[in-house]
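J.: Starting off with a structure, shown below.
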Ligand SMILES: Nc1ncnc2c1ncn2[C@@H]1O[C@H](COP(=O)(O)OP(=O)(O)OP(=O)(O)O)[C@@H](O)[C@H]1O
Ligand SMILES: [Mg+2]
């Protein structure tokens with residue numbers, strides 16, 4: 001075998017010299033046991049650099065949500081290595097892990113996971129209140145963040161009074177409000193029209209451009225591929241290949 005053949009494709013590598021935000025090596029994860037056992041991740045290798053927007057794409061059930069849940073410390077991996085900004089959730093106590101996530105990670109869930117009894121502004125304010133900010137100040141900041149996602153007039157609405165796309169934007173505002181270093185979004189534009197999706201992606205991209213931050217976005221939405229720095233294609237619990245968006249024929253950002 002030639003030496004060249006052993007080298008990863010250039011697109012598989014993060015930008016040279018950039019500090020690494022996420023490093024996964026051989027990450028495996030299964031659910032259930034016996035007949036119900038499902039292997040969701042079969043040895044994931046992935047690096048995401050600070051300042052990078054990495055998209056994860058692949059067919060339904062290939063392990064995308066599982067992978068970002070492991071990266072964000074919501075699920076434990078079975079084996080392999082996974083660090084975020086050099087820190088390993090597996091080495092943290094439950095409390096330390098919750099505190100670390102509260103400070104450093106913003107997560108947009110596929111199902112939004114808004115608190116039904118809180119208004120939109122209160123939902124957005126939750127991460128700040130968890131970090132100790134007073135309720136009134138946190139909710140005021142929540143209203144400002146809602147305005148940035150185009151929902152300035154819906155601050156007092158309950159989630160049940162909002163459309164799917166509006167709820168999705170509340171979830172995105174909640175993930176950004178505390179200035180986390182890592183933002184992880186599961187299908188953030190699935191309920192958004194083309195124009196609103198692009199507004200949200202531009203906002204997320206601006207956050208990622210801050211050099212100490214990183215963004216990982218799971219998506220099926222080819223309309224937003226052009227916003228990615230790199231796109232990791234997953235299949236059956238593995239990262240099959242990593243591409244630059246120009247190589248995918250994606251619409252440009
Ligand atoms: N809580 C769970 N219990 C058992 N199996 C699960 C659980 N969550 C996910 N799985 C299984 O693990 C595999 C990976 O699921 P995952 O949710 O990570 O896929 P995905 O790529 O996010 O899919 P989608 O695009 O449909 O959201 C699937 O086969 C799924 O059925
Ligand atoms: Mg999923």
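J.: Conditions: (1) within 16 Å of ligand 1 (Cβ to nearest atom); (2) assigned to a helix (DSSP H, G or I); (3) surrounded by fewer than 21 Cβ atoms within 10 Å (Cβ to Cβ). Residue 140 meets all but one. Number of the miss?
T.: Failing condition for residue 140: (1).
J.: So which residues in the stretch 45-65 are without any contact (Cβ under 8 Å) to a residue 60 or more places away in the chain and either away from ligand 2 (no atom under 16 Å from the Cβ) or in a helix (DSSP H, G or I) (or both), if there are any at all?
T.: Within the stretch 45-65, 47 is the sole residue that qualifies.
J.: Hey, among 53, 13, which residue is within 14 Å of residue 215 (Cα to Cα), surrounded by 11 or more Cβ atoms within 10 Å (Cβ to Cβ) and either within 17 Å of the chain's Cα centre (by Cα) or at pLDDT below 90 (or both)?
T.: Testing whether each residue is within 14 Å of residue 215 (Cα to Cα), surrounded by 11 or more Cβ atoms within 10 Å (Cβ to Cβ) and either within 17 Å of the chain's Cα centre (by Cα) or at pLDDT below 90 (or both) leaves just 53.
J.: Next up: Please indicate, with yes or no, whether at least one residue in the stretch 182-205 is loosely packed, with under 15 Cβ neighbours inside 10 Å, free of Cβ contacts under 8 Å to residues at least 60 places away in the same chain, under 14 Å from the mean Cα position of the chain (by Cα) and outside any helix (DSSP H, G or I).
T.: Scanning the stretch 182-205, I find no residue that is loosely packed, with under 15 Cβ neighbours inside 10 Å, free of Cβ contacts under 8 Å to residues at least 60 places away in the same chain, under 14 Å from the mean Cα position of the chain (by Cα) and outside any helix (DSSP H, G or I), so the answer is no.
J.: Residue check, residue 158 against (1) within 22 Å of residue 57 (Cβ to Cβ); (2) surrounded by fewer than 22 Cβ atoms within 10 Å (Cβ to Cβ), all met but one. Which one?
T.: Status for residue 158: all satisfied but (1).
J.: If you don't mind, there's one more thing I want to ask. Would you mention how many residues in the stretch 206-215 are in a helix (DSSP H, G or I) and either crowded, with 17+ Cβ neighbours inside 10 Å or at pLDDT 95 or above (or both)?
T.: Qualifying residue count for the region: 2.
J.: Quick check on my filter: what residues within the stretch 222-249 are crowded, with 21+ Cβ neighbours inside 10 Å and closer than 22 Å to residue 111 by Cβ?
T.: 224, 234, 237
J.: Same structure again: Of all the residues that make up the stretch 74-131, how many are part of a helix (DSSP H, G or I) and touching a residue at least 24 places away in the same chain (Cβ under 8 Å)?
T.: 15
J.: Looking at the stretch 8-44 only, could you name the residues that are in a strand (DSSP E or B), away from ligand 1 (no atom under 16 Å from the Cβ) and touching a helix residue (DSSP H, G or I) at 6+ places or on another chain (Cβ under 9 Å)?
T.: Within the stretch 8-44, just 22 meets the criteria.
J.: Provide a single number: the residues in the stretch 65-80 that are touching a helix residue (DSSP H, G or I) at 6+ places or on another chain (Cβ under 9 Å) and loosely packed, with under 15 Cβ neighbours inside 10 Å.
T.: The number of residues fulfilling the criteria is 1.
J.: Looking at this structure, is residue 148 at pLDDT below 95 and surrounded by 15 or more Cβ atoms within 10 Å (Cβ to Cβ)?
T.: yes
J.: Next question, about the same structure. Among (1) within 16 Å of ligand 1 (Cβ to nearest atom); (2) over 23 Å from residue 231 (Cα atoms); (3) without any contact (Cβ under 8 Å) to a residue 24 or more places away in the chain, which single condition is residue 69 missing?
T.: (2)
The values are calculated or read from the model by the stated rules, or taken from the named source; none is laboratory data. Since the structure is predicted, the reported quantities are computational estimates derived from the model, not experimental observations. Glycine gets a Cβ as well: all are built from the backbone with ideal geometry, and neighbour counts include every protein chain shown.
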